[in-house]
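A quick write-up on the structure given underneath.
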Amino acid sequence: MTKSKKQTKNEKRRAARQKAKNSKNTKLAASVLGLAVIAFSGYWFFARNQNLEIKEYTAQVSEKLGQDIVIDKETKYSIQSRQHISADQAHVPYTTNPPTSGPHANASLGGFYASGLQDENAIHNLEHGYIWISYKNVSNEELDEIERVAQKYRGRVIASQRNENDEDGVVLAAWGKMLKLRQFDDVIAEDFIKRNFNKSPEQLAK
């Protein structure tokens, strides 16, 4: 049976619509793929620059470590707990000085504190991925440098005086990690910050 002219026209219209639909889907897929490529390229470029920056700092730190600056090398410690408590609530003793994990109260805002912070508050910042710079009996020049670094990285650093530290000098602390220095060194500090921020259960530092 031969097709009528009407049937032939309808088939041609359906074929044309399908072709247009296929073309639209192809363009959409190409756009999505293009955006994905751009996003990946941006991420790769950012990650590559971050890695290069960290490697550059690491090279400088290796040179610094040859000097008599470090009291105790960077060390990992067992995590005590993530218990939330009030600031004045009794709790088990911390196993490191300063503490790098354990029961904690409300977090503090990032930045520099001329006076001390309660350990229970600072630990919560560590859980959020912050670096805690605590110092004891440092020079005015070191204090200025500590404040400068703390303000530069205020989204990922808190800095405060802490007379309970075992030795004079500076302690760089992250969640479950610590490095003790006889004196503040911005290169070592920034290297520690870049490698260790957000290495924590709650990655909220910026």
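Note that the range 131-146 has calculated 3J(HN,Hα) couplings of 9, 10, 9, 10, 9, 8, 6, 9, 6, 4, 5, 5, 4, 4, 5, 4 Hz, one per residue in order, obtained from phi through the Karplus relation 6.51 cos²θ - 1.76 cosθ + 1.60 (θ = phi - 60°); glycine and proline are x.
Using the Karplus relation 6.51 cos²θ - 1.76 cosθ + 1.60 with θ = phi - 60°, the per-residue 3J(HN,Hα) values for the range 160-173 come to 7, 6, 8, 6, 7, 4, 5, 10, 5, x, 10, 10, 9, 10 Hz, with x marking Gly and Pro. Note that the range 125-169 carries a Kirkwood radius of 10.9 Å, evaluated over its alpha carbons pair by pair. Residue-wise HN-Hα couplings along the range 105-114, as the Karplus relation 6.51 cos²θ - 1.76 cosθ + 1.60 with θ = phi - 60° gives them from phi, are 9, 4, 6, 9, 5, x, x, 9, 10, 5 Hz; Gly and Pro carry x. Taking every C-alpha pair closer than 8 Å and separated by at least 6 residues, the mean separation divided by the residue count of the range 69-196 gives a relative contact order of 31 percent.
Applying a DSSP loop filter and a limit of 12 other Cβ atoms within 10 Å to the GluC sites (Glu not before Pro) in the range 128-206 leaves 164.
Look at the dipole of the range 165-206 built from charges on Cβ: of 192, 173, 203, the Cα furthest out on the positive end belongs to 203. Taking the Cα centre of the range 69-196 as origin and assigning +1 to Lys and Arg Cβ atoms and -1 to Asp and Glu Cβ atoms, the resulting dipole is close to 500 debye. Here's how it looks for residue 177: its modeled amide H is under 5 Å from those of 77, which are all 5 or more places away or on a different chain. Here the spin labels are modelled as points 7 Å beyond Cα on the Cα-Cβ line, and at residue 76 and residue 168 they lie 3.4 nm apart.
Each value in this text was obtained by applying a stated rule to the coordinates, not by laboratory testing. All values reported here derive from a predicted model rather than from experimental measurement. Glycine also receives a Cβ, built like all others from the backbone with ideal geometry; neighbour counts cover every protein chain displayed.
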